[in-house]
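Report on the structure given below.
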Amino acid sequence: MVIGSRSTVLATALMLVGAVRVGAQDKAVHVFTYGGGYSALKNLDDIGAELKTGLTLGGGIGYEIDKYLELRASLTGAQSQLLDNGAMTGVYLNRYYLAADLKARYRFANGFTPYGLVGTGAVLLHEKGTTGADKRQGFAHLGLGIGHAVGKSGFTIFAQGDGFFYSLSGMTSPSFTPFSKVQTDVGWSVGASYRFAL
């Protein structure tokens with residue numbers, strides 16, 4: 001009986017160790033970078049002030065909770081030129097988004113992985129070429145994308161669309177003080193990530 005009990009305990013312990021090892025193999029850290037276009041969906045006021053389509057660039061790190069969910073931290077920069085009744089002004093608005101997102105994904109057998117993002121964070125609004133006139137505030141973020149694994153290399157390429165929701169109210173920079181609308185901006189980008197198994 002004692003031998004049988006010891007064998008059972010040993011077998012159970014080995015199964016638990018095996019389960020922990022498998023679980024550990026499922027965990028991973030992702031590093032990623034991306035770049036693309038950026039556009040405001042509405043004008044800054046009702047008399048013709050708007051932001052021209054500009055550029056976005058960013059990157060970050062993610063931690064896999066399991067095969068469906070990932071926690072991500074990212075830093076995204078975007079720049080757009082101010083237009084006045086369609087005329088370029090030479091004035092630029094920079095935005096720097098520091099975001100924490102939850103990423104939900106589903107990987108198909110063919111290597112394609114559609115995913116969604118939801119998150120929030122802080123954005124720094126800055127008129128290029130000015131000093132001491134930055135505006136810091138919270139923002140909301142939604143995103144959709146699709147990735148494709150490059151064989152078994154650990155690399156994934158992806159295309160992603162993002163929505164950013166913030167307000168221009170309270171800016172004290174020379175050109176953006178008059179504007180106070182809640183903004184809805186979109187970004188579209190392509191990028192690459194690399195998976196480090198833990």
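The values are calculated or read from the model by the stated rules, or taken from the named source; none is laboratory data. Remember, it's a predicted structure, so these values are computed and weren't measured experimentally. Don't worry about glycine lacking a Cβ; one is built from the backbone with ideal geometry, like all the others, and counts go over all protein chains shown.
Odds and ends about this structure:
- Tabulated pairs, the stretch 62-87, first of a type in the set (Ser, Thr, Tyr), second in a strand (DSSP E or B) and surrounded by fewer than 18 Cβ atoms within 10 Å (Cβ to Cβ), C-beta under 6 angstrom, 6+ apart or interchain: 63/29; 63/71
- Subset of the stretch 178-198 [part of a strand (DSSP E or B) and in contact with a helix residue (DSSP H, G or I) (Cβ under 7 Å, 6 or more places away or on another chain)]: 197
- Whichever residue in the stretch 23-57 is at pLDDT 95 or above and β-branched (Val, Ile, Thr) and, among such residues, is nearest to the chain's Cα centre (by Cα): 33
- Among the conditions (1) touching a Lys or Arg at 6+ places or on another chain (Cβ under 8 Å); (2) in a loop (DSSP other than H, G, I, E, B); (3) on the phi < 0 side of the Ramachandran plot, the only one that residue 175 does not satisfy is (1).
- Residues within the stretch 93-110 that are farther than 16 Å from residue 143 by Cα, touching a Ser or Thr at 6+ places or on another chain (Cβ under 7 Å) and buried (at least 17 other Cβ atoms within 10 Å of the Cβ), tallied: 1
- Within the stretch 55-78, the set of residues being surrounded by 18 or more Cβ atoms within 10 Å (Cβ to Cβ) and farther than 16 Å from residue 143 by Cα comprises just one member, 64.
- Conditions (1) over 23 Å from residue 37 (Cβ atoms); (2) touching a Pro at 6+ places or on another chain (Cβ under 9 Å); (3) β-branched (Val, Ile, Thr): number failed by residue 146: (1)
- Residue satisfying all of: in the stretch 177-195; of a type in the set (A, V, I, L, M, F, W, C) and modelled with pLDDT of 95 or more; farthest from residue 33 (Cα to Cα) among these: 186
- Close Cβ contacts (under 9 Å, 6 or more residues apart or on different chains) running from residues in the stretch 164-192 that are free of Cβ contacts under 8 Å to residues at least 12 places away in the same chain to residues that are crowded, with 20+ Cβ neighbours inside 10 Å and aliphatic (A, V, I, L, M) comprise 177/171.
- For first residues located in the stretch 134-147 and farther than 11 Å from residue 99 by Cβ, partners that are among the hydroxyl-bearing types (Ser, Thr, Tyr) and lie 6+ apart or on another chain with Cβ distances below 7 Å form the pairs 137/166; 137/167; 145/115; 146/113; 147/113; 147/115; 147/156.
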